[in-house]
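S.K.: My questions all concern the structure below.
The values are calculated or read from the model by the stated rules, or taken from the named source; none is laboratory data. What you are looking at is a predicted structure, and each value in this text was computed from that prediction instead of being measured. Glycine also receives a Cβ, built like all others from the backbone with ideal geometry; neighbour counts cover every protein chain displayed. With ligands, DNA and RNA removed, areas are computed over all heavy atoms of the protein, side chains included. Shrake-Rupley method; radii C 1.70, N 1.55, O 1.52, S 1.80 Å.
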Amino acid sequence: MQENRQPVPHPRKWGQATPHGAGWLPHGYHLDTHSHAQGQLVYAAAGAMVTTTLHGTWVAPANRVTWTPPGFEHSHRFYGRTDARIVAVPAGECHGLAPQPSVFAVSALVREALLALTNPSGRSADAERRLRAVVIDELVETPEQSLHLPEPHDDRLRAATELLRADPGRTITLAELGRAAGASERTLSRLFHTDLGMSFHRWRTILRIHQAVFHLTGGQSVTDTAIACGWSNPSTFIEAFTAVVGQTPGRYQAELNVRGE
């Protein structure tokens, strides 16, 4: 574990300056809504994090990096003891990256570059810029893998999603959810597609995967996580988690343990 690194400044000291550096953050650490004049890459080298904006919620387990363009208001919450790595990207270097908050898979090259950028090194400003350019070039070529839950606008849909967020593992049909939210099953199904761009089943699956990431990061077993998050058996959970996150929950948890050492 490398502890000799520049600390992340406290958020009250940020203002419009974009923080840069690394630091260990405790489970549940929360950064209130703020924005930066520069772009920002945040990588949890160990642990997991959530970025929230008006456009929705993005979850980044330890194999993802979050991207927030300049000017976007956002907040962060960290799960597990998190090795937070923050890279400020000057506005003039942001044009190749997405114009909206995103999450990208972290290759071995990107991981090492992010670690190098956030550890004290004595590199020149030009060397730092070239290293940032490597990260940006890699992310531009990487498909977004967002674990993104979009934020609803319709009041009925907002009521429905709040019920789901309150208990992601609850077994409830779309018809039952519609009655609780004051909409027919057909109307609610349409709203999920038109307002959120995905089906009810897909939205709930992503929500449950979010919760599963938090449970696994906290050390719960794969079986206990599956049950807590609404899957009837571990094999179905493993299949869903692997399809969304890109690795099995067991592999994800094993890598967390290695990174946290």
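S.K.: Which ranges mark the helices (runs of 4 or more DSSP H) fully within the range 206-261 that have 3 or more residues being open to solvent by 50 Å² or more (accessible area, probe 1.4 Å) and modelled with pLDDT of 90 or more?
M.R.: 222-228, 234-245
S.K.: Being open to solvent by 60 Å² or more (accessible area, probe 1.4 Å) and either in contact (Cβ under 8 Å) with a residue 60 or more places away in the chain or within 23 Å of the chain's Cα centre (by Cα) (or both) is the filter here; which residues of the range 164-182 pass it?
M.R.: If the condition is that a residue be open to solvent by 60 Å² or more (accessible area, probe 1.4 Å) and either in contact (Cβ under 8 Å) with a residue 60 or more places away in the chain or within 23 Å of the chain's Cα centre (by Cα) (or both), then Arg165, Ala166, Asp167, Arg170 are the ones that fit.
S.K.: Same structure, new question: Contact list please: Cβ distance under 6 Å, first residue in the range 24-46 and in contact (Cβ under 8 Å) with a residue 12 or more places away in the chain and of a type in the set (Gly, Ala, Ser), second residue open to solvent by 60 Å² or more (accessible area, probe 1.4 Å) and not in a loop (DSSP other than H, G, I, E, B), pairs at least six apart or on different chains.
M.R.: The qualifying pairs do not exist here.
S.K.: Separate question: Say whether the condition of being touching a helix residue (DSSP H, G or I) at 6+ places or on another chain (Cβ under 7 Å), farther than 30 Å from Phe192 by Cα and either open to solvent by less than 30 Å² (accessible area, probe 1.4 Å) or not hydroxyl-bearing (Ser, Thr, Tyr) (or both) is met by at least one residue in the range 144-154.
M.R.: The answer is no, given that none of the residues of the range 144-154 is touching a helix residue (DSSP H, G or I) at 6+ places or on another chain (Cβ under 7 Å), farther than 30 Å from Phe192 by Cα and either open to solvent by less than 30 Å² (accessible area, probe 1.4 Å) or not hydroxyl-bearing (Ser, Thr, Tyr) (or both).
S.K.: Can you tell me which residue is most open to solvent (accessible area, probe 1.4 Å) among those in the range 114-142 that are in contact (Cβ under 8 Å) with a residue 40 or more places away in the chain and of a type in the set (Val, Ile, Thr)?
M.R.: Val140
S.K.: Can you tell me which condition Arg158 does not meet? The list is (1) part of a loop (DSSP other than H, G, I, E, B); (2) open to solvent by 30 Å² or more (accessible area, probe 1.4 Å); (3) closer than 23 Å to Thr57 by Cα; (4) without any contact (Cβ under 8 Å) to a residue 12 or more places away in the chain, and all the others hold.
M.R.: For Arg158, the exception is condition (1).
S.K.: Quick one: how many residues across the range 155-173 are in contact with an Asp or Glu (Cβ under 9 Å, 6 or more places away or on another chain) and within 25 Å of Thr68 (Cα to Cα)?
M.R.: Counting residues in the range 155-173 that are in contact with an Asp or Glu (Cβ under 9 Å, 6 or more places away or on another chain) and within 25 Å of Thr68 (Cα to Cα) gives 2.
S.K.: Give the range 81-113 a look and list any residue that's open to solvent by less than 10 Å² (accessible area, probe 1.4 Å) and in a loop (DSSP other than H, G, I, E, B), or say none.
M.R.: Pro101
S.K.: Name the residue, out of Thr82, Thr118, that is under 18 Å from the mean Cα position of the chain (by Cα) and among the hydroxyl-bearing types (Ser, Thr, Tyr).
M.R.: Answer to the selection: Thr82.
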